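Take a look at the structure set out below.
The values are calculated or read from the model by the stated rules, or taken from the named source; none is laboratory data. On a predicted model such as this, the values are computed, not experimentally measured, just so you know. For neighbour counting, all protein chains shown are included, and Cβ atoms are generated from backbone atoms with ideal geometry for every residue, glycine included.
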Amino acid sequence: MIICPIRLRQDWIVVEDAASFFFPPDVNWTSLFEVELKDRHGKAAGSVDIVLVSYDQRGRILDYGALEVQALYISGNIRRPFQHYMDDPVKRAGMDWRGSPGYPRPDYLSSSRKRLAPQLLYKGGILHTWNRKIAIALDENLYDTLPLLEEVPQEQAEMVWLTYTPAYSPRTRRYLLQRQRKVYTKFGTALDQITKPEPGDEADFLAKLQEQFDKQGENHGAPDVQPLAFEP
């Protein structure tokens, strides 16, 4: 089952888990949402999803950490089947649209390399330069698609990866968010592992090139777009 973004905010479990990594027990802390982050030139570097701050009796901030929430994106269409259901909810309550065109499926590539990695590289890079801890809350299935991260003891960690999945509760007859793992890592090591490509066999790529080349048949020759002519 895929976790939608709003589900990761259920009962603020992710915030409590992040706070246990950022701060020692028995400190006053609270959370601030969508805090803008800028680089040294004053240009926007994006917003931090949640910043947890600890404070003293006078309301002065003592420490803080950044929590990024990364849900799993999907591809496909949800609106059309929902509209189909809403047209006759009673008769269509048990409809099964698996295998139909547009049935949603997880888009791991967009969630990790196109979304998570750039955020870590830029926003995370700024926070890491300031020696601030970072927590990433994400779908357990998405975490399983990442490279195996090198773990360190909690006291040496600069990051924590908090993974979650929906678990059915017979008492409430609902699926409730449940944390699966806390993975402690260094920032630089984790970023290198996530952004480093894992090349496949070049022979497969060459075979694909040959196949595409052969399909062009007699059409080999100059490219469709002519090179620009430069004046001497």
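Only residues that are of a type in the set (D, E, K, R) and modelled with pLDDT of 85 or more were counted in the range 158-178, giving 2. Just so you know, in the range 165-222 the residues that are under 30 Å from Asn141 (Cα atoms) and aromatic (Phe, Trp, Tyr) include one that is surrounded by the most Cβ atoms within 10 Å (Cβ to Cβ), and it is Phe187.
For the range 10-17, indicate whether the set of residues that are at pLDDT below 90 and of a type in the set (D, E, K, R) is non-empty. Checking the range 10-17: at least one residue is at pLDDT below 90 and of a type in the set (D, E, K, R).
Filtered by the rule that a residue be surrounded by 11 or more Cβ atoms within 10 Å (Cβ to Cβ), in contact (Cβ under 8 Å) with a residue 12 or more places away in the chain and either part of a loop (DSSP other than H, G, I, E, B) or not hydrophobic (A, V, I, L, M, F, W, C) (or both), the range 24-44 gives Val27, Asn28, Thr30, Ser31, Asp39.
Can you spot a residue in the range 78-96 that is modelled with pLDDT under 75, within 27 Å of Gln178 (Cα to Cα) and over 10 Å from the mean Cα position of the chain (by Cα)? Before you say what the answer is, go through the steps one by one.
Taking the range 78-96 and keeping what is modelled with pLDDT under 75, we get 78.
Among the residues that remain, those that are also within 27 Å of Gln178 (Cα to Cα) are: 78.
Keeping just the survivors that are over 10 Å from the mean Cα position of the chain (by Cα) gives 78.
So far as the range 78-96 goes, yes, one or more of its residues are modelled with pLDDT under 75, within 27 Å of Gln178 (Cα to Cα) and over 10 Å from the mean Cα position of the chain (by Cα).
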